[in-house]
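Contents: one structure, followed by commentary.
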Number of protein chains: 2
Amino acid sequence: MTVTLADVAARAQVSPATVSRVLNGNYPVAAATRERVLRAVDELDYVLNGPASALAAATSDLVGILVNDIADPFFGIMAGAVQSEIGGPGGRAGGERMAVVCNTGGSPERELTYLTLLQRQRAAAVILTGGAIEDAEHADAIAGKLRRLTEAGTRVVLCGRPPSPDTDAVALTFDNRGGGRRLTDHLVNLGHRRIGYIAGPEERTTTRHRLEGHRAALAARGVPDDPALTVHGPYDRRSGYDATDELLRRAPDLTAVVAANDTVALGACAALRDKGLRIPDDVSVAGFDDLPFSIDAVPALTTVRLPLHEAGARAGRIAMSKEKPPPGGVATVHGELMVRGSTAGPR
Amino acid sequence: MTVTLADVAARAQVSPATVSRVLNGNYPVAAATRERVLRAVDELDYVLNGPASALAAATSDLVGILVNDIADPFFGIMAGAVQSEIGGPGGRAGGERMAVVCNTGGSPERELTYLTLLQRQRAAAVILTGGAIEDAEHADAIAGKLRRLTEAGTRVVLCGRPPSPDTDAVALTFDNRGGGRRLTDHLVNLGHRRIGYIAGPEERTTTRHRLEGHRAALAARGVPDDPALTVHGPYDRRSGYDATDELLRRAPDLTAVVAANDTVALGACAALRDKGLRIPDDVSVAGFDDLPFSIDAVPALTTVRLPLHEAGARAGRIAMSKEKPPPGGVATVHGELMVRGSTAGPR
DNA sequence: CTGTTAGCGCATTCAA
DNA sequence: TTGAATGCGCTAACAG
C-alpha cells in the first residue's frame, strides 16, 4: 500500500541499504547512484517512515518544549524562537527537526507526564520553559526524569528556570530577583512608599524571586514592608483586576502597584480605571516581561524587558549543540528596566 | 542498557504480548496479571518505546498543528485549545497524544515541508490553522499532500481556513467576510464616509475575505470605495503604525481606520496618538479577532470576536473523532461584532 | 484470558 | 562504493 524504502530500492535498482545511505547522506555514494535513487524517490513520492527510522537509529528528530500556556505570548515567543533554531543542518534525514509543544498548564503532574511522553518518543532534546514549582518532592521527581532523559541521550535545557541540581541540564536562568529589585527601586526613587504588589501563584520560583527582589529594594531603602500590600494570584488579567480591587480595599492610600507580569498589570490598569483612578497621576503601575502589547498600553507600561526571543533561540541552539553550553552549565539572563509612562511620582 | 518490554515480561513472568496488552488496555487481561505487570513496569521504571510502538501499530500519537506564528496569541489560543482536546481520556500514560506545533511563518514552502514531515511521522491527525495562501499551484500542492495524508489514515482538519477542494479535510471556516461587513457597516452607521483600511498581506484568503466584507458594506451603503484608502501589510503592530502614517498622508480627511486585525489596530492607535489625534474623537479605530489585550486598549477596541478557543477545541475533537464532522465536512464559524470605545461618530 | 509467531520499515554491521 | 543479513522494540493475528 504505502511505498517503502524497498520499493525505492527496486525502482532504482540498488539495495535498500544504498537508498538509506543517500537519504541520510552519511555515507559516500556515487553521484550517479545517488541521482538514480533520488529520482526514484521522487517518482514514487516516497516519504521516509519516521518511527521505523527512529527505531532503527535509536534517536528521533523530535524536540520537546514544555510551556505553562502556549496561548500566553511569554511562552509563545520562546517556543517560536526555539523552533527557529532547531531546523537546519546537523540532524539526520534532511536535518529537519520538529517541535513538540507541551502545555502543562502549570500542573506538576502534567509536567511529569509530558516528560515521560517525551522520553517515550526518544526526543532528541527537551527544553523546559518558565519557572519551576517549589516543591521538594516534585523537584526530585523532575530531576530524576531529567537524569534519565540525559542518560538516554536526550539533551535537556532549562530556559527561564533555575538550575536543577544533580542533573546535566543546562540552565538559562532569568534574573527575576534583580529585575524585581530594579523595578521597585525605580518606584521608591520616584517617592513611592505604599506600593501594592500583585504576586504570581505561590510555590513557584518566578513568583518568589520577583517578590524577593521587590522586598530587597524596599528593605534597602528602609521602606516598611506591609504584608497587607502583597496579594497572590495566577498570571492572568483577571487576577490583576481582582487583586487591585482587593489592594485598594486594604490600602486606599497606596500610590503604586507592581504586578507579577504585564498581563496582570493590564488587569490592574483596568481596575484602577474602572475606579476612576488615573495612571500614573493617582496610581503608578508597573509590569514585568515587556510583552509586545505593553508598549501600546495607555499610558505605556513601565516594565522589565526579558529577552525572551534571544533566550529561546539560545536554548534551541544549545539543545542542538550548535552552541556550547555556558561554563558550569548555568547562565543568567538579565532583564532591562523599561521606564515608560505608567509610572511617575506619587500625587 | 535500556529496559524493554521483554524485560518487564520476564519480571512479571508473562509473555511480552500480555505486557503490551495491559499497557494499551485494549484487550481483556486478568486483574491479577495486570497488577503483576504494572508492578514490574514500576519497579523497572519502564517507559514504552514510542517509535517501536508506532512502527508496529502503524500509527503514532502525534498530532500536527500548523500555525503561521506561535508567538501570536491568535494562533497560540487555537493551538492551546487543540491541545486540551487531544489528550486521552485516562490519566495514565495511555492514550496521551502530543501536539507537534509547526511554525510556518506564513511561508508556502515551509507549509509543505512540515506537512511532509508530519506525514513521515505518521501523525494521527493534522490541523492547519489560519488563512490559506492564494496561489493555485501551491493550493494544488497542499491539496495533494492532504489527500495523501488522509489516504494514510491521518485525519485532517482546517481551522479558520477555507475548504480544500477534492480533499477529505474537514473545514471549520471563519466568516471573515461577514465579520468585515458588519464592522464597516457599524462605522458607516456612525456616519463615517472616509474609512482607511489596513489590509493584511496580499494573496491570503483571510486578507481578501475581510477586505471583501469591507467593500461590500461600503457598496451596500453607496459609499465610494477610494483605492487610495486601502493599504496592505503584514499582520503586525509596525505595519499598523506605518500604514496609518501612509493613510494620513494620502487622506488627511479620513475619520476612521479599520485594521486587518487587533495587533495591527494597536499599531494604528499608536500612530494616531503620536500625531496628536484622539481616538475616537478625531479618528475611530477598529480591529479584528478580539484578542485578550484588545479590551485593555485605551479606549477599548471595537472589533470582531472570533471564537478562537472554541474553534480550536472543536477542531481538536473532530481530529480525535470525539465529535463528528459537520455535514458536508464544512462548517462556518461566525464572529461577533464587539462595539467598544474606539469607535464613535466622526467629528 | 494468555502465549507463539511474525513481521512493521529502516539503519547498520560485515563482506565483497 | 555497494549488497546481504541482522535486529531495533513492539503489536497483532492466530492458536490454545
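The values are calculated or read from the model by the stated rules, or taken from the named source; none is laboratory data. Worth saying up front: this structure is predicted, and the values here are computed from it rather than measured. For neighbour counting, all protein chains shown are included, and Cβ atoms are generated from backbone atoms with ideal geometry for every residue, glycine included. Only protein heavy atoms, including side chains, enter the accessible area calculation; ligands, DNA and RNA are left aside. Shrake-Rupley method; radii C 1.70, N 1.55, O 1.52, S 1.80 Å.
Remark: chain B carries a charge dipole of roughly 640 debye about the Cα centre, counting +1 on each Lys and Arg Cβ and -1 on each Asp and Glu Cβ.
Treat every Asp and Glu Cβ in the stretch B:175-304 as -1 and every Lys and Arg Cβ as +1, leave all other atoms uncharged, and give the resulting dipole magnitude about the Cα centre to the nearest 20 debye.
Roughly 260 debye for the stretch B:175-304.
Under 16 Å of direct C-alpha separation, and excluding same-chain neighbours fewer than eight residues apart, A:Lys275 reaches these aspartates and glutamates: A:Asp242, A:Asp245, A:Glu246, A:Asp253, B:Asp296. Measuring max minus min along each principal axis, the C-alpha atoms of the stretch A:3-47 give extents of 24, 15, 15 Å (largest first). Evaluating 6.51 cos²θ - 1.76 cosθ + 1.60 at θ = phi - 60° for every residue in the stretch A:333-344, the Karplus couplings come out as 9, 8, x, 10, 5, 10, 8, 10, x, 7, 10, 7 Hz, glycine and proline recorded as x. To one decimal place, what Kirkwood hydrodynamic radius in Å is obtained for the stretch A:76-162 from all pairs of distinct Cα atoms? It is 13.7 Å. The contact between chain A and chain B removes approximately 4400 Å² from the accessible area (both sides summed; 1.4 Å probe; ligands, DNA and RNA excluded). In straight-distance terms, cross-link reach from B:Lys145 covers every one of the lysines whose alpha-carbon lies under 26 Å from its own, apart from those fewer than eight places away in the same chain; here that gives B:Lys322, B:Lys324.
Between the residues B:Ala319, A:Ser284, A:Ala260, the greatest Cα displacement towards the positive end of the dipole of the protein assembly as shown, with unit charges on the Cβ of Lys, Arg, Asp and Glu, is found for B:Ala319. Note that the protein assembly as shown presents 40 Å² accessible area per residue, ligands and nucleic acids not counted, probe 1.4 Å. When the other protein chains are added to the chain by itself, burial of at least 10 square angstrom of heavy-atom accessible area (probe 1.4 Å, ligands and nucleic acids ignored) affects these residues of the stretch B:37-69: B:Asp45, B:Val47, B:Leu48, B:Asn49, B:Gly50, B:Pro51, B:Ala52, B:Ala54, B:Leu55, B:Asp61, B:Leu62.
Computed from the Cβ-Cβ distance with R0 of 51 Å, the FRET efficiency linking A:Ala31 to B:Glu137 stands at 0.95. If R0 is taken as 60 Å, the Cβ-Cβ distance between B:Arg250 and A:Ser321 corresponds to a FRET efficiency of 0.70. The apolar share of the surface of the stretch A:3-47, taken as the fraction of accessible area on carbon and sulfur atoms (1.4 Å probe, ligands and nucleic acids excluded), comes to 49 percent. The separation of the stretch B:257-330 from the stretch A:47-75, counted between C-alpha centres, amounts to 31 Å. In the neighborhood of B:Met78, defined by Cβ-to-Cβ distances under 12 Å, what is the net charge if each Lys or Arg adds +1 and each Asp or Glu adds -1? Summing Lys/Arg as +1 and Asp/Glu as -1 gives -3. The orientation-averaged projected area of the convex hull spanned by the Cα atoms of the stretch A:264-334 comes to 5.8 nm². The equivalent ellipsoid of the stretch A:1-130 has semi-axes of 36, 15, 12 Å, largest first, where each one is the square root of 5 times an eigenvalue of the Cα gyration tensor. Taking 1.002 mPa s as the viscosity and 20 °C as the temperature, the Stokes-Einstein diffusion coefficient of chain A based on its alpha-carbon Kirkwood radius rounds to 96 µm²/s.
Count the net charge of all other residues whose Cβ sits under 14 Å from the Cβ of A:Val156, scoring Lys and Arg as +1 and Asp and Glu as -1.
After counting each charged neighbour, the total is +2.
Its alpha carbons considered, the protein assembly as shown gives a radius of gyration followed by a Dmax of 27.1, 85 Å. Evaluating 6.51 cos²θ - 1.76 cosθ + 1.60 at θ = phi - 60° for every residue in the stretch A:59-69, the Karplus couplings come out as 8, 10, 9, 9, 10, x, 10, 8, 10, 6, 7 Hz, glycine and proline recorded as x. Of the Cα atoms belonging to the stretch A:175-304, the radius of gyration and Dmax stand at 12.8, 35 Å. Using a Förster radius of 41 Å, what is the FRET efficiency between B:Asp274 and A:Glu109 based on their Cβ-Cβ separation? Nearest 0.05, please. Result of the calculation: an efficiency of 0.30. Long hydrophobic helices in chain B, taken as whole DSSP H segments with a C-alpha length of 24 Å or more on their own axis and mean Kyte-Doolittle hydropathy at least -0.5, are absent. The stretch between B:Ala17 and B:Ala331, if pulled fully straight at 0.36 nm per residue, gains 108.7 nm over its current Cα-Cα span.
3J(HN,Hα) along the stretch A:167-174: 9, 8, 5, 7, 10, 10, 8, 7 Hz, from the Karplus curve 6.51 cos²θ - 1.76 cosθ + 1.60 with θ = phi - 60°, whole Hz, x for Gly and Pro.
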